[in-house]
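S.K.: Here it is, the structure, as structure tokens.
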Amino acid sequence: MRIIKGIECFGMIIVSLGHKSEGSQMDVEEVGSFPKTLEYIEGSVVMVDQTALPEVERYVRCDTWERVVQAILDLEVRGAPAIGIAAAFGMALAADCSDARTAESLLSELEEVAEVFLKTRPTAVNLAWAISRVLSEARSSTGSLDEIRSAVVGCAHQLAAQDLSTCRAIGEAGAPLLTGVNQVITHCNAGALATVGYGTALGVVRSAHRLNPELHVWADETRPVLQGARLTAYELTRDGIECTVITDGAAASVMASGCIGAAIVGADRIAANGDVANKIGTYGLALAARHHGIPFYVAAPLSTFDLNTADGSAIQIEKRPSNEVATYRGSAIAPIGVSVHNPAFDITPACLVDAIVTEVGVLRPPYGPTITAAVASRFG
């Protein structure tokens, strides 16, 4: 591993990219064998820099809410639940650092900050959900400036704690689906790095692995940013779970070999009818799974469900920069100036999804009524 200047903490290197914080010690709490992906510590948002993995293990420290926005845009933090919590912590940072002198002006500032965060990653609904929760707490606190700040920071911490407990519940709920399965395939990264800790799809894998230590994971590399090769394989290797990285194009062939017992992925938004927006390439994996008679599961918290979106056709698909496809670490891998189509996500129709694992249990088709009932049971 390439060593960079920083402070070692739980086997990871901490560096500071914010102002006035270089070399300061940070107390990063471990979750099982993996540290929390992000925390709000001493007035700063501290997060794993996911762009550096697996070559370099480090944390970045954001001392302004604008720096958190940049971290989301640059994929230093990614994964629908994680960016929702990052935005909530960014709102907390904005409240803590505000020079507002009245409650009205502070609330106005927070609403402006919220609009900036909402524009960063439009597909992942967890971001809007978390920001809405934070703003609701701020507006319901009609007291002093300090009380509003306390309400915002407290809400962000509460959402982070809930995310961790939610992922553990998803893992326990989904583990029985992998009973008797020795090999599973996944796409992108829906693990601890995509959440505060433990993960959704990989949370199910982690819980199932405790029951079956022979469980083996096939990880799609996930072009163009390679979240599967860089992040999923990193997490699984760190946890001692055997895995094999394959190119995205090899997934169908591996399924045809007959060794795969299940496919499981996360989600960035799930429509009211059960259509799933997830990392580009998920749709193809679901089609291959259905063709080969392999159950296809989605694991996601109920905050990922969007009852205001009837089906997948109404989900806005984020377009990412062309250089993610045309270059690799600054070197061109396609002719300069060539046209590039780089959607970050695709839509998997509900008819290809055999079950959706949530913190309140496993949902089965028909998804419309089961999703509505599950969301109501959790949020009222």
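Read-outs throughout are calculated quantities, based only on the coordinates presented, and are distinct from any laboratory measurement. Keep in mind that this is a model prediction, so the values were computed, not measured. Glycine gets a Cβ as well: all are built from the backbone with ideal geometry, and neighbour counts include every protein chain shown.
S.K.: Quick check on the exposure proxy: order THR348, THR237, THR195 from fewest to most C-beta atoms within 10 angstrom.
M.R.: Ascending Cβ contact count within 10 Å gives the list THR237, THR348, THR195.
S.K.: Report, to the nearest 10°, how far helix 367-379 tilts away from the longest principal axis of the Cα atoms in the chain, using its own Cα long axis and a range of 0 to 90°.
M.R.: For helix 367-379, the angle is close to 30 degrees.
S.K.: Counting Lys +1, Arg +1, Asp -1, Glu -1, what net charge surrounds ALA314 among other residues with beta carbon under 11 Å of its beta carbon?
M.R.: Once positives and negatives cancel, what remains is -2.
S.K.: Sticking with this structure for a sec: How big is the equivalent ellipsoid of the stretch 144-197 along its three axes, where each semi-axis is √(5λ) from the Cα gyration tensor, reported in whole Å from largest to smallest?
M.R.: One finds semi-axes of 36, 12, 5 Å for the stretch 144-197.
S.K.: What value, in deg cm²/dmol to 500, does the helix sum -39500 (n - 2.57) over DSSP H runs of n ≥ 4 give at 222 nm once divided by the residues of the chain?
M.R.: So the calculated ellipticity at 222 nm is -11500 deg cm²/dmol.
S.K.: Tally the DSSP beta bridges in the chain and give the antiparallel ones as a percent, rounded to 5.
M.R.: 55 percent
S.K.: Here's another thing I want to ask about it. Using the 10 angstrom Cβ neighbour count as an exposure proxy, how do LYS319, LYS119, LYS36 rank, fewest first?
M.R.: The order, fewest Cβ neighbours first, is LYS119, LYS319, LYS36.
S.K.: While we're on this one: Could you check which residue among ARG78, ARG364, ARG210 shows the biggest mean-square fluctuation in a GNM of the chain with a 10 Å Cα cutoff?
M.R.: Answer for the Gaussian network model of the chain: ARG210.
S.K.: In what order do ASP248, ASP74, ASP146, ASP275 fall by count of nearby beta-carbon atoms within 10 Å, going from fewest to most?
M.R.: Result, fewest neighbours first: ASP146, ASP74, ASP248, ASP275.
S.K.: Here is a further query. Take the alpha-carbon centre of the stretch 242-298, take the same for the stretch 132-156, and report the distance between them in whole Å.
M.R.: Taking the Cα centre of each part, the stretch 242-298 and the stretch 132-156 sit 40 Å apart.
S.K.: Sticking with this one: Take the alpha-carbon centre of the stretch 41-87, take the same for the stretch 159-238, and report the distance between them in whole Å.
M.R.: Here the answer is 20 Å between Cα centres.
S.K.: Now, a different point. By the scheme Lys and Arg +1, Asp and Glu -1, what is the net charge of all other residues having a beta-carbon under 9 Å from that of GLY284?
M.R.: -2
S.K.: Okay, next question. Name the shape class, rounded, prolate or oblate, that the alpha-carbon gyration tensor gives for the stretch 247-287, where a ≥ b ≥ c are the square roots of its eigenvalues, rounded holds for a/c under 1.5, and otherwise prolate holds if a/b is larger than b/c and oblate otherwise.
M.R.: Because a/c hits 1.5 or more and a/b exceeds b/c, the stretch 247-287 counts as prolate.
S.K.: Could you tell me the ratio Rg/Rh of the stretch 85-208? Both radii from Cα atoms, Rh via Kirkwood.
M.R.: Radius of gyration over Kirkwood radius for the stretch 85-208 works out to 1.12.
S.K.: Determine the sum of side-chain charges near CYS155: Lys and Arg each +1, Asp and Glu each -1, restricted to other residues whose C-beta is under 10 angstrom from that of CYS155.
M.R.: For residues surrounding CYS155, the net value is 0.
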